[in-house]
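Heads up, the thing below is written out as structure tokens.
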Amino acid sequence: MDEYYFRNMIKKNKLPEVDPVVIPEKIFGIRSGIVILMGLIIAILISFFLLFMLPGIIKGGVYVGFDCDLTNVAIHMDGKYLGSTEGTRYFIESGDHEFAYTKAGIELYKEKIRISHPIFFTMLFHRTEDIQIKTTASLDLESKIKEDFISSIVSWSKNTDYEGIYSFPPLFSSFAKDINALEMDDYSSELFYASAHISSQAMLDDYRTAKTILQAEGRETGFDDSFLDDLTFTSDPVSFNFTSKPETKASAYNAGWFTYEGGQMTMGSYQGSSYPLTNEKEIMVHIPSFAIMQYPVSEYEYALFISENPYWSKNNLSNLIADGMVDENYLSSIILSTSFKSTKPIRNISYNAAQAYASWLSEKTGRTYALPTEAMWTYASLSVLDKKYSSSLNIISDSDNLSPEMMFGGLWEMTCSAYIPLARLTDYQGLESFAKDTDDDIIIKGGSYISDPSSITPDTVGLMAKDATNPYAGFRLVEIL
């Protein structure tokens, strides 16, 4: 039975018979085999053309690399920015093009170059060409490179965490390569100033690489960088206590000003080389004789300034912001009046505005007023250690006329001292002189009425950008005697 069933299943599943395929002997009078061969050849030729020739015909050009001893040279092609020499190769279409090269905003030179038009195998093999950009030295170029280097270092030093998407660019290394490329002789001042802004391990490593690059060409940094040998970094807050120092005393009081004879002073309490604890490192400073205001500049006094200088009025805010003088919160929530003598300290103004006020008052009175240095402010503050911390903006009316008021609390007070991260490890006052034309943040002192009094000492250092405004920051002036 099984055999019968199996045979019937075979019969039922048998495929139907079909006619065999017959290839004609000739096609268009040509043997069919030859026609098939010709078709295959044509198909292969068309495929070859489509894959290995047409792309080059449609998009002819080469991948061009630009080499230059200088770093970060900007490339402009036919009047448009193409990229930098630090980038990858750029695909440039065939034909005649005009290239212009600039470094630090200064044009090095222009040239016209014909880019070739390769056709074959451009999808498989990228054709490349290399263009050598000549190094062109000039005093203007050297000066601009130094200026941009300092500006970049100051900006990047404010960020001490380069984890994640951020990475510190090789600023020191690039500067060293530019020094070698232009065979600069005068660069040590800028390199020293930049080294004092090292605020992270990434910056320190880059500095050491730059030093190696210079030494490979027989050059030295030109300064003693031993202050970097023991440098470390920590994220811990400053936790040490203020070291008691001899109190200072005002030698005279006259119409709201206290006079100090000045002299030598140890500023700071920390001993070590760990940043940012070095913000309060002990350092010996010299202070000239000076007079300082009894109170911070008031709203009324600033209103008088505005009345004679409308440029600094709130109505001109858009222009002040465009000029980089203030931010959008300038004089926010402040109502100024020359009719009402408000004694509250002026706030929500910038360092630039405070400097303008000092210049105006100097011209008006024929005397020379300025913001105090960090050392001057600290020296004066040592005479007010026995006074209560100011936990409001109310002016104390029963002054003892022995020392300034509201130096601790009230408002953070601006100084004219630039914040240089490692200044206290090396030439503090020399670096301060160099900083006059830079965009460093300024140091503010004294805390404000919202600060924890236990965290504020004469050594405490705060920071503020020159165009920034803050409702908890004001200023008082000094006069150098």
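Condition test on Leu425, is it closer than 22 Å to Lys245 by Cβ, touching a residue at least 24 places away in the same chain (Cβ under 8 Å), in contact with a strand residue (DSSP E or B) (Cβ under 8 Å, 6 or more places away or on another chain) and open to solvent by 70 Å² or more (accessible area, probe 1.4 Å)? No; evaluated as a whole, the condition is false for this residue. With the requirement that a residue be closer than 23 Å to Asp427 by Cβ and either surrounded by fewer than 18 Cβ atoms within 10 Å (Cβ to Cβ) or within 24 Å of the chain's Cα centre (by Cα) (or both), what does the stretch 215-228 give you? Passing the criteria: Gln215, Glu220, Thr221, Gly222, Phe223, Asp224, Asp225, Ser226, Phe227, Leu228.
For (1) polar (S, T, N, Q); (2) at pLDDT 95 or above; (3) more than 20 Å from the chain's Cα centre (by Cα), each residue gets a yes or a no:
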| site | (1), (2), (3) |
| --- | --- |
| Asp427 | no, no, yes |
| Gly430 | no, no, yes |
| Ile443 | no, yes, no |
| Gly446 | no, yes, yes |
| Ile450 | no, yes, yes |
| Ala473 | no, yes, yes |
| Arg476 | no, yes, yes |
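How many residues are among the aliphatic types (A, V, I, L, M) and either in contact with a helix residue (DSSP H, G or I) (Cβ under 6 Å, 6 or more places away or on another chain) or open to solvent by 50 Å² or more (accessible area, probe 1.4 Å) (or both) if we restrict to the stretch 372-394? So the count comes out to 1.
Those residues that are closer than 10 Å to Ala303 by Cβ, of a type in the set (Ser, Thr, Tyr) and either buried (at least 18 other Cβ atoms within 10 Å of the Cβ) or touching a Ser or Thr at 6+ places or on another chain (Cβ under 7 Å) (or both), I need them from the stretch 320-341; list them, please. Scanning the stretch 320-341 gives a single hit, Thr338.
If we scan the stretch 385-404, do we find a residue that is modelled with pLDDT of 90 or more, farther than 21 Å from Glu301 by Cβ and in contact with an Asp or Glu (Cβ under 7 Å, 6 or more places away or on another chain)? Scanning the stretch 385-404 turns up at least one residue that is modelled with pLDDT of 90 or more, farther than 21 Å from Glu301 by Cβ and in contact with an Asp or Glu (Cβ under 7 Å, 6 or more places away or on another chain).
Note on the stretch 287-304: residues that are among the aromatic types (Phe, Trp, Tyr) and surrounded by fewer than 19 Cβ atoms within 10 Å (Cβ to Cβ) total 1. Out of the residues in the stretch 462-481 that are crowded, with 19+ Cβ neighbours inside 10 Å and touching a helix residue (DSSP H, G or I) at 6+ places or on another chain (Cβ under 7 Å), state the one that is farthest from Ile396 (Cα to Cα). It comes out as Lys466. Checked against (1) in contact with a strand residue (DSSP E or B) (Cβ under 7 Å, 6 or more places away or on another chain); (2) surrounded by fewer than 19 Cβ atoms within 10 Å (Cβ to Cβ); (3) more than 15 Å from Met293 (Cα to Cα), Thr368 passes all but condition (3).
Here Lys341 fulfils each of the conditions (1) at pLDDT 95 or above; (2) touching a helix residue (DSSP H, G or I) at 6+ places or on another chain (Cβ under 7 Å); (3) more than 21 Å from Val461 (Cα to Cα) apart from (1).
Search the stretch 59-72 for residues that are polar (S, T, N, Q) and pair each with any residue that is in a strand (DSSP E or B) when their beta-carbon atoms are under 8 Å apart and the residues are at least 6 apart or on different chains. Once the first residue is polar (S, T, N, Q) and sits in the stretch 59-72, its partners that are in a strand (DSSP E or B) give Asn72/Ser84; Asn72/Lys103.
Restricted to the stretch 229-286, and to residues there that are of a type in the set (A, V, I, L, M) and either at positive phi or more than 37 Å from the chain's Cα centre (by Cα) (or both), the residue that is most open to solvent (accessible area, probe 1.4 Å) is Ala255.
Candidates are the residues of the stretch 181-203 that are outside any helix (DSSP H, G or I), farther than 15 Å from Thr71 by Cβ and hydrophobic (A, V, I, L, M, F, W, C); the one that is nearest to the chain's Cα centre (by Cα) is Ile198.
Is it the case that Gln201 is touching a strand residue (DSSP E or B) at 6+ places or on another chain (Cβ under 7 Å) and more than 23 Å from Leu108 (Cα to Cα)? Criteria met by Gln201. The strands (runs of 3 or more DSSP E) falling completely within the stretch 433-480 that include 3 or more residues that are in contact (Cβ under 8 Å) with a residue 60 or more places away in the chain map to 442-445, 478-480.
Do we find a residue being assigned to a helix (DSSP H, G or I) and within 30 Å of Ser189 (Cβ to Cβ) anywhere in the stretch 398-416? No, the stretch 398-416 contains no residue that is assigned to a helix (DSSP H, G or I) and within 30 Å of Ser189 (Cβ to Cβ).
Note on the stretch 440-456: residues that are farther than 30 Å from Phe149 by Cα and open to solvent by 10 Å² or more (accessible area, probe 1.4 Å) total 8. Listed by position, the strands (runs of 3 or more DSSP E) enclosed by the stretch 62-180 that each have at least 1 residues that are modelled with pLDDT of 85 or more and exposed (fewer than 14 other Cβ atoms within 10 Å of the Cβ) are 80-84, 90-93, 95-103, 106-115, 128-132.
Would you mind stating whether Thr248 is in contact (Cβ under 8 Å) with a residue 60 or more places away in the chain and farther than 29 Å from Tyr369 by Cβ? No: the conditions fail for Thr248.
Residue by residue through the stretch 305-318, note down the ones that are in contact with a Phe, Trp or Tyr (Cβ under 8 Å, 6 or more places away or on another chain) and open to solvent by less than 80 Å² (accessible area, probe 1.4 Å). Passing the criteria: Phe305, Ile306, Asn309, Trp312, Leu317.
The values are calculated or read from the model by the stated rules, or taken from the named source; none is laboratory data. Computed from a predicted structure; not experimentally measured. Virtual Cβ from ideal backbone geometry, glycine too; neighbours counted across all protein chains shown. These accessible areas exclude ligands, DNA and RNA; they are computed on the full protein's heavy atoms, side chains included. Shrake-Rupley method; radii C 1.70, N 1.55, O 1.52, S 1.80 Å.
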